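Where a number appears in this text, it was derived from the coordinates with a stated rule and is not lab data. Everything quoted here is computed from the prediction, not taken from an experiment. Positions of Cβ are generated from backbone atoms using ideal geometry, with glycine treated the same way; all protein chains shown enter the neighbour counts.
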Amino acid sequence: MEPDRDAVERLLASVADGIPVDWEAAERQARPEERARLEALRAIAGVADFSRGLQRGAGDASFPERWGSLLLLERLGAGARADVFRAWDPALRREVALKLLRPGAGGDGEALLAEGRAAAAIRHPHVVTVYGIERHDGRVGLTMELLRGATLEQEVLAGGPLDFATAARLGSELASALGAVHGAGLLHRDLKPANVVRDSEGRFVLADFGLGLRAEEARTAPAASGTPMYMAPEVLAGGPATHRSDVHSLGLVLWFALAGGHPYDVATLPALVAAAARGPSPALRERRPDTPPGLAAAVARATAVDPKERFAGAPEAGIALAEAARRIASRRRRLARTPVLVLATVVIAVTAWAGLRAWRAARHGGSPAPATPPAAATAAGAYGVEASFVRHDAGGRELRLATGDRVRPGDRLSLEVRATRPVWVYVLDEDEHGERFLLFPQPSFDAHNPLAADSSFLLPGTIGGKPNAWTVTSAGGREHFLVVASPGPVAELEADLGRLPAPRAGAPIAYATVGRASTERLRGVGGLAELPEAPAVASPDTGVFAHFRALAGRETGVHGIWVRQVVLENPR
Amino acid sequence: MNPGLPESGTAPAPQDPRLLATIDLLRLSKAGDDRARDELLGRYLPRLRRWASGRLPMYARSLLDTSDLVQDTLLRVLQGLDRIEERGPGGFQAYVRQAVLNRIRDEVRWAARRPGPDEVPESLADATPSPLENAIGADVLERYERGIAGLSAEDRELLLLRIELDFDYAEIATMTGRPSRDAARMAVQRALAKLAEAMGHGT
């Protein structure tokens, strides 16, 4: 197939002319056969950008070769009062970002130094680290961590609005960052998408202190010196900046990230002042109707015209946004189901709640905890359980998984389970927010509790006669599964299940959220006790894995509820 | 028409040296024309110095001030013009570039061995990246250099002027004897396509 010659020509022209290229977008659109050439062009553009910085910087009074001991390498940006450079610190042998105030840029030098020192005290994962502030050759400069990544403005303009989960995380992280800035006695006053960087690890970082100003001085400072489009209405009207005006800017940044544009379609500053006094229009949900209600409400509250109607501060905004993020994450189940064409037959590990109690007792050096008997734990005599997760690969093979094994998005998982007596089986999954879901049983699944004795079941089994599996849909650090077997129904989990809406044909599966009462009950039998990665044991014979080993393959010794936790690594 | 550009690649004499192609300046300089030699120095020295600053590890950057290796190298090249002219279009820039790179390597090793308070172990000196390596990575730079080395001298000249020395297209048209800014731009793009192709095959 012929490559898109126009696209290639445009890229060549952009690199030759020194026009910035959105390489991520170009790579996404490139055909496989074009990738090597694209990568080469990107490398050449790197040489060109670097050389241009060298050539254009020299001889320019605003681009000195040195500042103090730092060697200036490249101008990264220029604002009204300062330039930002990539610089080399020869003493520490690392690259830094240097924000260098222009000579005569205004501001009290001593106040700026004090402000820089306050900023340097902030240590926060979502605030750029300030290394220090100094004055050389009459110019004040702030040295900071050099962040590598695109700004939020670049990302949204190139790639469109953020998805809801990412936007909620952005809001939560920025609110946390703003809280740290406020906590240091500073106001940001210039929070905008261009001042937020998404670094190579995906973390959103407040990358610039903008016109930071000590909060106690804001009352007397001249107003309206930030970026007007992201200013609070009261600041645009000439009032002082406050924590709440920073929160308003945060709300507008989120509005931009979610809608892909600014809420005020105005061309002049007077028009902006008038529009801001009425508040964002249209409302966010008019621009993006499917915005989750919690997220939309948080943005609306942050951007309220009346400061008193806003969040009182960044921490309050952070709580609301974190809750919105949690709800979105809960809805976006990390495990979905997709058809699976193969069935597994393999199995492993066994433990018993009685065994766990014995282990806990041994570990704590006391007698077994007086656990309340679980609602279902009828004394039904000894029975045996075998259970193992298996992964189905593309070639139709099944791979047995054990704790510590890795899974990736796209992996299809099933649970093979077998017991020597009829059992009620429950499969729980814990997400990264600690919320637990009941993956099995489900009203729509063909397999139902109790599972018959002495038969192998592959869960989730079939749905309408078609084999299914759980599919890992995102990378998230770890997948925690809990498999529970019981001689009778576990009342608390059945109650959670009963709250599910009735299944409808063609509708996505809604998984039950497992309530605290259920998990507390299971905790009572040791089921949710965290199994150590490498168990701290008094002796090999008293470790929990020793119990697993002791019980594995034995058909006796399991009484009451049986619990097995499996932790699969799912690195981002 | 851009008044700053010659109508054709062959410049009639007498003419302002600033409007002459590099190859014509080299010819005049070889014949003893000091104005042509000064124009060559003025045209290349400042940009080559800045270019070299990106290629020198940080600890060796003072060499640009103390011994000015770029000026020294350029003057030596101009004194030995007989060897260069026969290389045809682009030969001069490629020769100067390589001469400065060689000199940088020599000087960096010398600086590493030089005793003193700023002494850098030779092993560390070899491993210390230049700002350009820091910016784009040593592997990428190596691929780029290999790709550049495989091009014709003419293409190499165009890319050196545009990509590394940041001359604008009008200046490149003058220096390479092309009739217009657009002609220079197209030539640069063609050279760029060849370089990308060469680097792409090298991966």
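Quick one: check the C-alpha center-to-center distance for the stretch B:167-185 versus the stretch A:115-158, whole angstrom.
With the stretch B:167-185 and the stretch A:115-158 each reduced to a Cα centre, they are spaced 41 Å.
Excluding A:R42 itself, calculate the net charge of residues whose Cβ lies under 15 Å from the Cβ of A:R42, where each Lys or Arg counts +1 and each Asp or Glu counts -1.
With Lys, Arg at +1 and Asp, Glu at -1, the neighbours total -2.
Which lysines have a Cα lying under 29 Å from the Cα of A:K192, excluding residues fewer than 8 positions away in the same chain?
A:K99, A:K308
Can you give me the long-range amide H partners of B:L165? Hydrogens built in the peptide plane at 1.01 Å from N, cutoff under 5 Å, separation of 5 or more residues or another chain.
So B:L165 has HN proximity to no qualifying residue.
Could you rank the peptides A:480-489, A:187-196, A:451-460, A:234-243 by their average count of other C-beta atoms within 10 Å per residue, with the highest value first?
Working: A:480-489: 22.7, A:187-196: 24.9, A:451-460: 17.0, A:234-243: 19.5.
Descending packing order for the listed peptides: A:187-196, A:480-489, A:234-243, A:451-460.
If you keep only loop residues by DSSP, which GluC sites (Glu not before Pro) in the stretch A:110-208 have at most 15 other Cβ atoms within 10 Å of their Cβ?
Values: sites: A:E110, A:E115, A:E134, A:E145, A:E153, A:E155, A:E173, A:E201; in loops: A:E201.
Passing both the DSSP loop test and the Cβ count: A:E201.
If you add up the charges near A:A158, with Lys and Arg at +1 and Asp and Glu at -1, over every other residue whose beta carbon is less than 10 angstrom from its beta carbon, what do you get?
Taking every other residue near A:A158 into account, the sum is -4.
Let me check I've understood the local charge: for A:S456, count other residues with C-beta under 11 angstrom from its C-beta, Lys and Arg +1, Asp and Glu -1. What total comes out?
Around A:S456, the charge tally is -2.
Quick one: 3J(HN,Hα) in Hz for the stretch A:164-175, Karplus 6.51/-1.76/1.60 with θ = phi - 60°, rounded, Gly and Pro as x.
Rounded to whole hertz, the list is 5, 5, 5, 5, 5, 5, 3, x, 5, 5, 5, 4.
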